[in-house]
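Novice: Before I ask anything, here is the structure I am working with.
The values are calculated or read from the model by the stated rules, or taken from the named source; none is laboratory data. Model, not experiment: these values are computed from the prediction. Every residue, glycine as well, gets a Cβ built from its backbone with ideal geometry; the counts of neighbours run over all protein chains shown.
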Amino acid sequence: MVPKQKPLEVWRVKQSLGTRTIGRSILYFRELASTNDVAKELAAEDAKEGTVVLAETQSEGRGRLSRRWISPAGGVWFSVILRPEIELKHAPRLTLVASVAVAKAISKLFSLRAEIKWPNDVLVNGKKVCGILTEVKTRGDVLEFVVVGVGVNADFDVELLPSSLRDSATTLLGELKRHVDREVLLSALLREIEVYYRLFSWGKFDVILGEWRSLAGFLGSGVRVVEEKGILEGTAVDVDEEGALMVKLRDGAVRKVTSGDLTVLRVMKEVSVILRKTYEVEFYNTYALYQVDLE
Ligand code: BTN
């Protein structure tokens, strides 16, 4: 029998928090449709900057590109209300701020190397453990508030993820092979968000971008990006100030991608050599994602 998940003890999160803004007020719910939706409603009613909406489970958790985000008990699902004084065009930077904060919190707490995959995924051992959904409210072209929604697959069995996702997604429990103290994790996440959000507010986005780049293990690799308008393949060379991905195509041209799904294509030189020896075939494909295509 699967043991029932113990509800989050918000007082324990508060005890170890020590932040000035982020998480000073935490609204906890057993179940919500989506923490982002409630955070947006509260922000529209003047909730303070740093207010956190936290739910044990979400029935209609949302991901990027209007996808469903599976949110069973044992995850850490929350949204933070931010009121940055920035131009609307710079709001996507907050996704980078949050992804650096999450990767740092996970690496510091556990003996795991967390990486970032463009645009907003945090990976452990090459699989996604966290997604971030940033939403904004505007009046004309003025930014009123930002809601940063963070979903960490923390203390639940990988089997609770749909089988179609299990090749690309995992949980901290699955990687660590031990239970995760969700209160300690949430407290660490909120602290790191405060650290990086403060840096951001001080105009130090360049420092955060530097950290983002150093955590983005895919930079320099072959990638395939599925955009709304088509698919492109090339080498991921950088991310610009607004979080857009720069992809160098085979003809040398550099394309800027602002939205899409990224797959990292690993160069499988070793496999190529083995195959040549064993099958004496020509190996044409330089890039492959855990698969070898022979032509
Ligand atoms: C993604 O990778 O597609 C983003 C996933 C974001 C999920 C979080 S869970 C908390 C918050 N509430 C939501 O409905 N979505 C975000």
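Novice: Mind listing just one residue for me: the one in region 22-55 that is touching a helix residue (DSSP H, G or I) at 6+ places or on another chain (Cβ under 6 Å) and of a type outside the set (A, V, I, L, M, F, W, C) and, of those, farthest from Ala98 (Cα to Cα)? Step through it out loud before you land on a result.
Specialist: Of all residues in region 22-55, those touching a helix residue (DSSP H, G or I) at 6+ places or on another chain (Cβ under 6 Å) come to 22-23, 26, 28, 32, 53, 55.
Keeping just the survivors that are of a type outside the set (A, V, I, L, M, F, W, C) gives 23, 28.
Working: Gly23: 14, Tyr28: 20 Å.
Ranking the qualifying residues of region 22-55, first place goes to Tyr28.
Novice: Give me the residue from region 222-248 that is part of a loop (DSSP other than H, G, I, E, B) and within 19 Å of the chain's Cα centre (by Cα) and, out of that set, farthest from Phe205 (Cα to Cα). Spell out the reasoning first.
Specialist: Keep residues of region 222-248 that are part of a loop (DSSP other than H, G, I, E, B), which gives 228-229, 240-244.
With within 19 Å of the chain's Cα centre (by Cα) added as a condition, the list becomes 240-244.
Details: Asp240: 11, Glu241: 8, Glu242: 10, Gly243: 11, Ala244: 15 Å.
Step by step, filter region 222-248, then rank; the result is Ala244.
Novice: Condition (residue is of a type in the set (D, E, K, R), surrounded by fewer than 20 Cβ atoms within 10 Å (Cβ to Cβ), within 14 Å of the ligand (Cβ to nearest atom) and at pLDDT 95 or above) applied to region 47-63: is it met by at least one residue?
Specialist: Kept after step one, since they are of a type in the set (D, E, K, R), are these residues of region 47-63: 48-49, 56, 60, 62.
The next check asks that each one be surrounded by fewer than 20 Cβ atoms within 10 Å (Cβ to Cβ); those that pass are 48-49, 60.
Subset that is within 14 Å of the ligand (Cβ to nearest atom): 60.
Pick out the ones that are also at pLDDT 95 or above and you get 60.
The answer is yes; a qualifying residue exists.
Novice: Starting from residues that are more than 7 Å from the ligand (Cβ to nearest atom) and either acidic (Asp, Glu) or in contact (Cβ under 8 Å) with a residue 60 or more places away in the chain (or both), keep the ones in region 22-36 and report whichever is nearest to Thr95 (Cα to Cα).
Specialist: If we filter region 22-36 for residues that are more than 7 Å from the ligand (Cβ to nearest atom), which is where we start, we get 22-33.
Next, from what is left, pick out any that are either acidic (Asp, Glu) or in contact (Cβ under 8 Å) with a residue 60 or more places away in the chain (or both): 22-23, 31.
Values: Ile22: 16, Gly23: 18, Glu31: 25 Å.
If we take residues in region 22-36 being more than 7 Å from the ligand (Cβ to nearest atom) and either acidic (Asp, Glu) or in contact (Cβ under 8 Å) with a residue 60 or more places away in the chain (or both), then Ile22 is nearest to Thr95 (Cα to Cα).
Novice: In addition: Kindly list the number of the only condition in (1) within 13 Å of the ligand (Cβ to nearest atom); (2) surrounded by fewer than 20 Cβ atoms within 10 Å (Cβ to Cβ) that fails for Val158.
Specialist: The failed condition is (1).
Novice: Separate question: Has region 73-84 got at least one residue that is assigned by TED's automatic domain parsing to the domain that holds Phe205, more than 23 Å from Lys128 (Cα to Cα) and touching a helix residue (DSSP H, G or I) at 6+ places or on another chain (Cβ under 6 Å)?
Specialist: For region 73-84, residues assigned by TED's automatic domain parsing to the domain that holds Phe205, more than 23 Å from Lys128 (Cα to Cα) and touching a helix residue (DSSP H, G or I) at 6+ places or on another chain (Cβ under 6 Å): present.
Novice: Related question: Can you spot a residue in region 204-219 that is without any contact (Cβ under 8 Å) to a residue 60 or more places away in the chain, in a loop (DSSP other than H, G, I, E, B) and either in contact with an Asp or Glu (Cβ under 8 Å, 6 or more places away or on another chain) or surrounded by 15 or more Cβ atoms within 10 Å (Cβ to Cβ) (or both)?
Specialist: Here is the first cut: in region 204-219, the ones without any contact (Cβ under 8 Å) to a residue 60 or more places away in the chain are 204, 206-207, 210, 213-214, 219.
Within this subset, residues satisfying the condition of being in a loop (DSSP other than H, G, I, E, B) are 204, 219.
Now narrow it down to the ones that are either in contact with an Asp or Glu (Cβ under 8 Å, 6 or more places away or on another chain) or surrounded by 15 or more Cβ atoms within 10 Å (Cβ to Cβ) (or both): 219.
Yes, that holds for at least one residue.
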